[in-house]
Amino acid sequence: MSRGDLIALLYIVAFAMFIGGLHMLRGPRTAVRGNQVAAVGMAIAVIATLIDQRIGDWVLIVLGLVIGTAIGVPSARSVRMTAMPQMVALFNGVGGGAVALISLVEYREALEEGGNPPLDTLIPIIFAAIIGSISFWGSNVAFLKLQESLKGRFPIPRPAAAGLAALILAIAILIAAGTEMEWLFWLLVVAAGALGVLSVLPIGGADMPVVISTLNAFTGLSAAAAGVALDNTALIVAGMLVGASGSILTKQMAEAMNRSIGNVFFSGLGAGGPAVAAETGGTVRSTSAADVAIQLSYARLVVVVPGYGMAVAQAQRAVADLASELERRGVEVLYAIHPVAGRMPGHMNVLLAEADVPYEKLKEMDEINGEFGRTDVAMVIGANDVTNPAARTVADSPIYGMPILDVDKASSIIVLKRSMSSGFAGVDNPLFYDPKTSMLFGDAKASVGEVLAEVNQL
Amino acid sequence: MDLLTELAILVLAAFVGFEVISKVPNTLHTPLMSGTNAIHGIVLLGGLLVIGPADGILEDILIVIAIAFGTINVVGGFLVTDRMLGMFKSKPTEKPDE
């Protein structure tokens, strides 16, 4: 068996492991193993490539691998659970950046070796450079937005984005036509990066999961294109797997939020930023821990609605303690998990599972919404936009049409909140002014602790 | 490898990708996204393959950055996914109520 055959064979093993791993990631029971299987597949693919005879200059390879590991491992280890979404955005971005750089190097090398590469190499190189660069810069903006280093919306005039896209297309055609000018390629990468920034800037935070998932699929596609250019099946197969599965995933995420992908990406363009209707006003009733304790203890069904505020306050364990004390007193406690509660789908599940809340008590939106009618107390902990009835009624609200938890159908509502500030989407929440609602202001963890202390005294 | 073979592989991989993710519970959206995210770190291989016999210093730097980026994508991606999936690991300890 030749070395080439061995490499091809190892690649096939890696593909099988990628596909098997993805398949296992679909179910809660097999997901952990699925991720490990895919990781081993990746290790096999890397080793297979390293035994390729064409591989040169081990210094560069080792340097790159060491630097990458030195940065990647600690950042993945140390990131807080609440900051996971940003981390995924960053990891996705560097992947796209790698594709753009590889395309650039490949083009330079072709020029040095005597001119324009053939079109069946050149076109995928151009494609990979554009998409990779968009993904890199778009992901970085998404990261900054999720970190809340960049706040608010930045309405971008539609002609600016369209003009930039046209410019990119023009440069791409010039390069493909065989101008053989390296600076044009640099310009292409820069212009695509600018488009990436402009596309993500106007998008509101609540839509970020969909954005990251889209960029994830983009990076996959760009990797596949780079694979066509480099004649490497591993890149083609793995890149396309991600491109395809990432697209499906994006669609499902968008559906869970009742948004179309076009809506996510283009609603911020052109429109001068939707005016936020702060018409509600009204009075807010504030309550005390003792009152909350009484309400909770004598309820039959309490539904906890966790949100990003619970994550920030690290209140999940306190909440779980309060819930088990209530259960000991015969109160049924369920958790209502909105698909995008927190900053990502599944965010709340991770946190509550950490606090040993049994999986079957976490109810997804469709399951729990029917229950609010018979709920005595809905306890909203640091959630805002996902409970906002304006999504049902106020047509010009930025979150209009997003499915929400029907918290307002419960007999009474307790909202634990730091202050009266609006949610991530920057929209006022009429729920807080509902006569059935009382607010318990303060840090979620401290508040829950006080309530538990009061419950214990009853 | 000729272009048509590559396109055939591309199309088949796309179908596998579509099929393998048909319907996923919301809870697993983020880990799955993170897992696929790690897999496109395969671009790392591209970084290994573009190293030529006589690259200039600029190219060397670009290549090292590309390989480092790819490595971060792979290593970080799989580790973060693993941490996210932590909630499914402690499945046997079902009841915290004692």
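General observations
- Considering each residue of segment A:258-267 in turn, none proves to be buried (at least 22 other Cβ atoms within 10 Å of the Cβ), assigned to a helix (DSSP H, G or I) and modelled with pLDDT of 80 or more.
- Some residue of segment A:38-53 being in contact with an Asp or Glu (Cβ under 9 Å, 6 or more places away or on another chain) and on the phi < 0 side of the Ramachandran plot: yes
- Taking (1) in contact with a helix residue (DSSP H, G or I) (Cβ under 7 Å, 6 or more places away or on another chain); (2) under 30 Å from A:HIS23 (Cβ atoms); (3) at pLDDT 90 or above in turn, A:LEU60 satisfies each apart from (2).
- Screening segment B:1-69 for helices (runs of 4 or more DSSP H) wholly inside it with 2 or more residues that are more than 7 Å from chain A (Cβ to nearest Cβ) returns the ranges B:3-20.
- Only residues that are within 27 Å of B:LEU85 (Cβ to Cβ) and at the interface with chain B (Cβ under 7 Å from one of its Cβ atoms) were counted in segment A:80-114, giving 10.
- From the list B:ILE51, B:ILE57, B:ILE67, the lone residue that is of a type outside the set (Phe, Trp, Tyr), modelled with pLDDT of 95 or more and farther than 17 Å from A:GLY41 by Cβ is B:ILE67.
- Residue in segment A:32-87 that is surrounded by the most Cβ atoms within 10 Å (Cβ to Cβ), counting only those that are touching a residue at least 40 places away in the same chain (Cβ under 8 Å) and not in a helix (DSSP H, G or I): A:ASP52
- Meets criteria (among the aromatic types (Phe, Trp, Tyr), assigned to a helix (DSSP H, G or I) and not assigned by TED's automatic domain parsing to the domain that holds A:ALA234) for A:PHE91: no
- Selected residue [in the same structural domain as A:ALA217 (by TED's automatic domain parsing) and either acidic (Asp, Glu) or at pLDDT below 95 (or both)] from A:ALA170, A:ALA177, A:ALA129: A:ALA177
- Considering residues of segment A:331-364 that are touching a residue at least 60 places away in the same chain (Cβ under 8 Å) and assigned to a helix (DSSP H, G or I) only, the residue surrounded by the most Cβ atoms within 10 Å (Cβ to Cβ): A:HIS347
The values are calculated or read from the model by the stated rules, or taken from the named source; none is laboratory data. This is a predicted model, so every value here is computed, not measured. Neighbour counts run over all protein chains shown; Cβ positions are idealised from the backbone, glycine included.
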